[in-house]
Structure formats: structure tokens, C-alpha cells
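Participant: Would you mind keeping the following structure in view while I ask a few things?
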DNA sequence: GCCAACGTTGGC
DNA sequence: GCCAACGTTGGC
């Protein structure tokens, strides 16, 4: 099963809001980048993704689960992009900050490190395991 | 708030 | 089809 990482600015959509959305979850819209779109399209129901707070916080704060696969984003006028639905699965006991991720040599190839601007990205099994451990899981 | 990195747009 | 200009993202 594949793993992912999804970024959000906490001032726009935060982990707290994701948790409040509950088991029903919410749609993850606003992706307007083809690489990110490819990732969204590759996601399968039941797969898991890190929830990363960008900008103000810069840390992985929890895990979300994909509950609905790729479908068109009604807010995209071009009709090219789409979104998935996610629900909060598990919070990190403590956030795994970007600085810690960058300081770990085994994570040097993480997309978060090599292509910081990509908003939805794949995570390898090993990276998943290490970052979960950082988060106290 | 600044700026580097990247993606997109548009003129040629 | 190339590339300069511009806009956006996100780390610092």
C-alpha cells in the first residue's frame, strides 16, 4: 500500500479542522499542479497520507486516510483538476518538524526535502516508518 | 517580509 | 518550439 504526504497551510485548512470534520471526512481541493494531480489520481481508498502544515509551522502533524478516490473538482473552471476525500486517522503524539526531517540522513531523498513546493507527494515505506517514529507512533 | 525555486504564460 | 517574463509557493 502506497503512502503519501499532503500539505496545507494551517491558516487555510488545519489539522484541527480536519479532525473536527470527523469520520465523514472532507474533500481535498485546490490542487492546480499536474505532478500533484498525478499523485491524487494514483491514490487508492484506504491508503494513508501525512498531513503537513506548511509555512507557519512546517511539521507533519498527523495521518489522514483516503476515503474517496479522485473525482472532478467543481471549483476548477478548466475541468482539468480534481480531488480526493480524506478523513483524519491518527494524530502524531508530537509533530515531526521539517528541521528534524532534514536532519535525518535516511530522509534526505524525501520529496518534501528535494521538491519542497510540491503540495501532494509520494512517501516511501521507509520514509513513512521513520517519520511515524518521529511523531511518536 | 524577503527571496529562491519552480511552473505557466505568451511573444516571437 | 524556445525562452523571457511573470506569478506563486514555501522556507528562512
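Rule-based calculations on the coordinates, nothing more; no lab input. Quantities reported herein were computed from a predicted structural model and do not represent experimental measurements.
Participant: How large is Rg/Rh for the stretch A:16-92, to two decimals, with Cα atoms and a Kirkwood Rh?
Facilitator: Checking Rg against Rh, the ratio lands at 0.97.
Participant: How tilted is helix A:125-134 with respect to the longest principal axis of chain A? Cα atoms for both, answer in degrees (0 to 90, nearest 10).
Facilitator: Result, in degrees: 60.
Participant: Follow-up question, since we're still on this one. Let me know the Kirkwood hydrodynamic radius for the stretch A:1-58, please, with Cα pairs as the basis and the value in Å to one decimal.
Facilitator: 12.5 Å
Participant: On to the next question. Suppose we keep just the alpha-carbon trace of chain A; what are its Rg and Dmax in angstrom?
Facilitator: Expressed in Å, the Cα Rg and Dmax of chain A come to 13.9, 42.
Participant: What does the stretch A:32-75 give for Rg and for Dmax, in Å, if only its C-alpha atoms count?
Facilitator: 12.1, 30
Participant: Given a cut-off of under 8 Å on Cα pairs at least six residues apart, what relative contact order in percent is computed for the stretch A:1-93?
Facilitator: Computed value for the stretch A:1-93: 35 percent relative contact order.
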